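Some notes on the structure that comes next.
What follows draws every value from the coordinates through simple rules; no lab data is involved. Nothing here was measured: the structure is a model prediction, and the numbers come from that model. No Cβ is skipped: glycine too gets one built from the backbone with ideal geometry, and neighbour counts run over all protein chains shown.
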Amino acid sequence: MAIANVKEVFDGMPGVFNATAAQGLDAVFQFEITGDGGGNWNVAIKGGACDISEGTHDAPTTTLTMSGETWLAMVNGELNGMQAFMSGQLKVSGDIMLAQRIPELFPF
């Protein structure tokens, strides 16, 4: 069943978090989701645990900016993150290589 709303994705992230993939990682992902149902969320990963908060973080490691439609397509497996990046639908600032680990850390 496809996830249909952006907030639902962030609410579900702790349940799918892959702590094994996060070993040794200390990072903050800032998600800036534009358009209907969008908003800002930050995901802090440290010590094999994740903390997800609504709002912006003062010093994120990686910032990802995209529309809600793009984010939902990526989470639902309809759009590859690299394709979204290359087509300009996804903008990444900070540690771009770290952004590539998101599907491994949160396998929806």
Check your understanding: Taking K and R as +1 and D and E as -1, what net charge do the other residues with C-beta under 10 Å from the C-beta of A21 add up to?
Key -> 0
Revision key, fill the gap. Rounded to the nearest 10, the angle in degrees between the Cα long axis of helix 6-16 and the longest principal axis of the Cα atoms of the chain comes to 30 degrees
Exercise for review: At 4 °C and 1.567 mPa s, grab the translational diffusion coefficient of the chain from Stokes-Einstein with a Kirkwood Rh over Cα pairs, rounded to a whole number in µm² per second.
Suggested key: 94 µm²/s
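What number, in percent, do you get for the relative contact order of the chain if the mean sequence gap of Cα pairs under 8 Å and at least 6 apart is divided by its residue count?
Rounded, it is 29 percent for the chain.
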Check your understanding: In deg cm²/dmol and to the nearest 500, what is the mean residue ellipticity at 222 nm of the chain if only DSSP H runs of at least 4 residues count, each as -39500 (n - 2.57), divided by the residue total?
Key -> -7500 deg cm²/dmol
